[in-house]
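What follows is a short report on a single structure.
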Amino acid sequence: MLSKKTKYGLKALTYIARTDGESPVQVAEIAKSEKIPQKFLESILLTLRKSGFLGSKKGKHGGYYLIKKPSDIKMSDVMRVLEGPIAMVPCVSLNFYEKCDDCPDEHECSVHKLMIQVRDNTLYVLRSNTLEDLAGK
């Protein structure tokens, strides 16, 4: 299930991408428009800034802006930052692999085989979509 953090992060990024890009977007504006609690949104935007998706400007006309073009921001990258591993079980994760404690042989495990398919199809969808696609630009 998608966490609220990730859902709100995607909504905020999409909102920023839909603006003209001339000036930073204020947190309060995003929060009000997207119905996201402002304090929670501030934390999410800080994470996205630290991860290299957003820049920020302080002051009266400050806010957040995209560092990259929306077409260069893949959803797989955003999901990993906000949600963590894409794989549902650690034994099929490409970036966060861990052997399952309860599995004697993952090559014979039916769950492992299924989860590889789920991971691969999820990755295909997330890598095939960019922020530009979400923003409808």
Search result, residues across the stretch 47-85 that are farther than 16 Å from P24 by Cα and either basic (K, R) or touching a helix residue (DSSP H, G or I) at 6+ places or on another chain (Cβ under 6 Å) (or both): K50, S51, S71, I73, K74, M75, S76, M79, R80, L82, E83
Index of the failed condition, K35 passing every other in (1) touching a residue at least 40 places away in the same chain (Cβ under 8 Å); (2) at positive phi: (1)
Condition broken by K113, with the remaining ones in (1) assigned to a loop (DSSP other than H, G, I, E, B); (2) out of contact with any helix residue (DSSP H, G or I) (no Cβ under 7 Å at 6 or more places or on another chain) satisfied: (1)
The stretch 51-65, residues that are of a type outside the set (G, A, S), at pLDDT below 95 and either under 14 Å from the mean Cα position of the chain (by Cα) or part of a loop (DSSP other than H, G, I, E, B) (or both): K58, K60, H61
Selection from the stretch 1-48 of residues that are open to solvent by less than 60 Å² (accessible area, probe 1.4 Å), among the polar types (S, T, N, Q), part of a loop (DSSP other than H, G, I, E, B) and out of contact with any strand residue (DSSP E or B) (no Cβ under 7 Å at 6 or more places or on another chain): S3
Answer residue from the stretch 54-74, given it is of a type in the set (A, V, I, L, M, F, W, C) and open to solvent by less than 10 Å² (accessible area, probe 1.4 Å) and is farthest from I16 (Cα to Cα) among those: I73
Candidates S51, S93 - the one that is open to solvent by 30 Å² or more (accessible area, probe 1.4 Å) and farther than 15 Å from L134 by Cβ: S51
Matching entry among D72, D102, D133 (being at pLDDT below 90 and not aliphatic (A, V, I, L, M)): D102
Odd one out for A135 among (1) exposed (fewer than 14 other Cβ atoms within 10 Å of the Cβ); (2) of a type in the set (G, A, S); (3) touching a residue at least 60 places away in the same chain (Cβ under 8 Å): (1)
Count of the stretch 81-93 residues which are under 18 Å from Y8 (Cβ atoms) and modelled with pLDDT under 95: 2
Those residues of the stretch 78-91 which are within 20 Å of Q117 (Cα to Cα) and either touching a Ser or Thr at 6+ places or on another chain (Cβ under 8 Å) or part of a loop (DSSP other than H, G, I, E, B) (or both), in sequence order: M79, E83, G84, P85, I86, A87, M88, V89
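The values are calculated or read from the model by the stated rules, or taken from the named source; none is laboratory data. Computed from a predicted model, the values in this text were never measured in an experiment. Every residue, glycine among them, receives a Cβ derived from its backbone with ideal geometry; neighbour counts consider all protein chains shown. Only protein heavy atoms, including side chains, enter the accessible area calculation; ligands, DNA and RNA are left aside. Shrake-Rupley method; radii C 1.70, N 1.55, O 1.52, S 1.80 Å.
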